[in-house]
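So the structure is just underneath, and the comments pick up after that.
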Amino acid sequence: MMATINDEFVRQMQSVLPDEIEAFLAAMREEPVASIRLNRRKIGACEYSEKRVPWCDYGYYLPQRIAFTFDPAMHGGVYYVQDASSMFICHVVRQLMGNRPTAYLDLCAAPGGKSTAAIDALSDDSFVVCNEIDKTRARILWENVVKWGAPNCAVTNGSADRLGLLRNCFDVIAADMPCSGEGMFRKDDEARAQWSPSLVEQCAARQRKIATDVWDALKPGGYFIYSTCTFNRPENEETADFIARHLGADYVDVAIDPEWGIANGIVSSGRCYRFFPHRVNGEGLFVAVLQKRGSEKEQKANQKEERRTRRNCPVGKWIKNPELLEFEMDNDGCNAIPAKYAKFVGRLRSVVDVLAAGVRIAEKKGKDLAPAHALSQSVILNRDAFPEIELGYADIIKYLRGETIALSGNDARGYALATYRGRVAGFMKNLGTRANNCYPKEWRIRSTHVPETNPDALSLLGNRREK
């Protein structure tokens, strides 16, 4: 692999790591380790005996990589396959915001790893906007956020300059910027092939424009979490310094354990956090946290109290705590949005395309309302409202492929929850001896291969212990 890396890149890294270049290059020849982050809302308060990612309470290293495509738990949002370095966002967000309600924007969010991590790190009365400018990638983001099941988020498709029109709207903006991808070299052949010094310059210029375009949307005193998955200084320290000097921000320290191996070098104005593969068990990452100058008092003085309206839900029995939600009926169905953020979602819709907000709980089928797939994945689902049909491994794979499921004929007719090992996979409509499959067509497993054994990431984590 190393033979395909540009010599210019090696010289660049010699300037970044003059005393560690050999260890770095050796690590770049190694196979990356597999890691997953558990969904705290779906897994509960527990821990496992296998090795935990030190900066993320719900992150774990796997002893081996499995065929994740054939693990129903992954499709049900029980865990997210994510590089361990990227899980550092959990530590940063929790340290910055604690349990405070937070309006949070993940600006460059696809495919959804850092968005779902932020959703879990923040308090349940926060709201996370997961944005992606590319429409195709935004659909993938939407799928992963729906599977995660939290009601306090929205998925949007818009540009930084459009979001910048939401002046003083967000307490935190996280921007995992498009970059030259040097930190992914040992995973991504295309990133290695496309790299060049000119690409680095282009990416740095783009990053500065994105930060400038969205800056007005950050509240005075709010936090800007700047990150890349690359190693060079122009896209990292130099761009972070540009934000501090030209946009008006101060660096914020993040407490870390020296044993974690994170390099926290000093830049010209403040501190940054670098992940190198020879120092940590993960891929390349750069993080800097900056606080926008101005005071929270100034922001509160400019805010107007918004009166909320609440609409009745035609299918309220399907969900938990409907009194905490506001319901939107449209031509195709019904959404449930945390009442506290209903006006906030309206502001979003005024500037960008909102693909999803809150939880889609129902779809119109003729004159009737049918339960939406997003409801089956959400933590607001009232499981007592539907019968459940437990499937074996062979049948759950058929279900995830969108195939018809044969039934015994003894279960109640109508919409039912398809479950596997007690976890909900989605809805199906029981017709008696068979069921119509309601799993979304675009999410189906395409492979016709059936593994001999059930890939099960959770079983690799060792013994489960309740906290």
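The values are calculated or read from the model by the stated rules, or taken from the named source; none is laboratory data. All figures in this text were calculated on a predicted structure; none of them were measured in a lab. Cβ sites come from the backbone with ideal geometry, for glycine too, and all protein chains shown count toward neighbours. In case anyone asks, the SASA skips ligands and DNA or RNA and just uses the protein heavy atoms, side chains included. Shrake-Rupley method; radii C 1.70, N 1.55, O 1.52, S 1.80 Å.
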Where the second residue is part of a strand (DSSP E or B) and among the acidic types (Asp, Glu) and the first is under 17 Å from GLY346 (Cα atoms) and lies in the range 316-335, which pairs have Cβ atoms under 6 Å and are six or more apart or on separate chains? ASN335/GLU328
Of all residues in the range 81-113, how many are among the charged types (D, E, K, R) and touching a Ser or Thr at 6+ places or on another chain (Cβ under 6 Å)? 1
Which condition from (1) in contact with a helix residue (DSSP H, G or I) (Cβ under 8 Å, 6 or more places away or on another chain); (2) open to solvent by less than 30 Å² (accessible area, probe 1.4 Å); (3) modelled with pLDDT of 95 or more is the one that ASP71 breaks? (1)
If we keep just the residues of the range 413-467 that are in a strand (DSSP E or B) and hydroxyl-bearing (Ser, Thr, Tyr), which is least open to solvent (accessible area, probe 1.4 Å)? THR419
Residues satisfying the stated conditions in the range 238-250, i.e. touching a residue at least 40 places away in the same chain (Cβ under 8 Å) and open to solvent by 10 Å² or more (accessible area, probe 1.4 Å): LEU247, GLY248, ASP250
Scan the range 188-210 and report the pairs whose first residue is touching a residue at least 60 places away in the same chain (Cβ under 8 Å) and whose second residue is basic (Lys, Arg), with Cβ atoms within less than 9 Å and a gap of 6+ or a chain change. ARG192/ARG186
TYR80, sole failed condition from (1) open to solvent by less than 10 Å² (accessible area, probe 1.4 Å); (2) of a type in the set (Phe, Trp, Tyr); (3) over 23 Å from LYS343 (Cβ atoms): (1)
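Taking the range 357-386 as the region of interest, how many residues are of a type outside the set (A, V, I, L, M), closer than 16 Å to ASN437 by Cα and modelled with pLDDT of 95 or more?
Quick first cut of the range 357-386, residues of a type outside the set (A, V, I, L, M) only: 358, 360, 363-368, 371, 373, 376-378, 382-384, 386.
Within this subset, residues satisfying the condition of being closer than 16 Å to ASN437 by Cα are 363, 365, 371, 373, 376-377, 386.
Among the residues that remain, those that are also modelled with pLDDT of 95 or more are: 363, 371, 373, 376-377, 386.
Selection size over the range 357-386: 6.
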First in the range 276-291 and touching a residue at least 24 places away in the same chain (Cβ under 8 Å) and of a type in the set (S, T, N, Q), second anywhere and assigned to a loop (DSSP other than H, G, I, E, B) and open to solvent by 10 Å² or more (accessible area, probe 1.4 Å), Cβ under 7 Å, 6 or more apart: ASN281/VAL33; GLN291/VAL252
Suppose we filter the range 390-412 for residues that are crowded, with 18+ Cβ neighbours inside 10 Å, over 13 Å from CYS438 (Cβ atoms) and among the aliphatic types (A, V, I, L, M); how many remain? 4
Criterion: surrounded by fewer than 22 Cβ atoms within 10 Å (Cβ to Cβ) and at pLDDT 95 or above - qualifying residue of ARG94, ARG65: ARG94
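Do any strands (runs of 3 or more DSSP E) lying entirely in the range 306-380 carry at least 1 residues that are surrounded by fewer than 18 Cβ atoms within 10 Å (Cβ to Cβ), and which ones are they?
325-329, 353-357, 359-365, 368-371
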Note on the range 408-467: residues hydrophobic (A, V, I, L, M, F, W, C), touching a residue at least 60 places away in the same chain (Cβ under 8 Å), in contact with an Asp or Glu (Cβ under 9 Å, 6 or more places away or on another chain) and closer than 17 Å to ILE397 by Cα are VAL424, TRP443, ALA457
Checked GLY164, GLY221 against criteria (at positive phi, open to solvent by less than 20 Å² (accessible area, probe 1.4 Å) and not aliphatic (A, V, I, L, M)); the one match is GLY221
When the range 381-407 is examined, which residues are found to be part of a helix (DSSP H, G or I), in contact (Cβ under 8 Å) with a residue 12 or more places away in the chain and more than 28 Å from the chain's Cα centre (by Cα)? ALA385, ALA394
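Kindly indicate the residue of the range 140-149 that is of a type outside the set (Val, Ile, Thr) and more than 15 Å from ASP106 (Cα to Cα) and also surrounded by the fewest Cβ atoms within 10 Å (Cβ to Cβ) among those meeting that condition.
Among residues in the range 140-149 that are of a type outside the set (Val, Ile, Thr) and more than 15 Å from ASP106 (Cα to Cα), the one surrounded by the fewest Cβ atoms within 10 Å (Cβ to Cβ) is GLU143.
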Kindly indicate the residue of the range 170-196 that is closer than 30 Å to PRO101 by Cα and assigned to a loop (DSSP other than H, G, I, E, B) and also most open to solvent (accessible area, probe 1.4 Å) among those meeting that condition. PRO178
Which numbered condition trips up ASP257, out of (1) at pLDDT below 95; (2) within 30 Å of SER35 (Cα to Cα)? (1)
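Counting only residues that are farther than 19 Å from PRO54 by Cβ and open to solvent by less than 10 Å² (accessible area, probe 1.4 Å), how many does the range 108-117 have? Walk me through it before giving the result.
Taking the range 108-117 and keeping what is farther than 19 Å from PRO54 by Cβ, we get 108-112, 115-116.
Filter once more, so that each one left must be open to solvent by less than 10 Å² (accessible area, probe 1.4 Å): 109, 112, 115-116.
Adding up the residues that qualify gives 4.
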For TYR48, work out the one condition from (1) at pLDDT below 95; (2) touching a helix residue (DSSP H, G or I) at 6+ places or on another chain (Cβ under 8 Å); (3) open to solvent by 50 Å² or more (accessible area, probe 1.4 Å) it doesn't fulfil. (3)
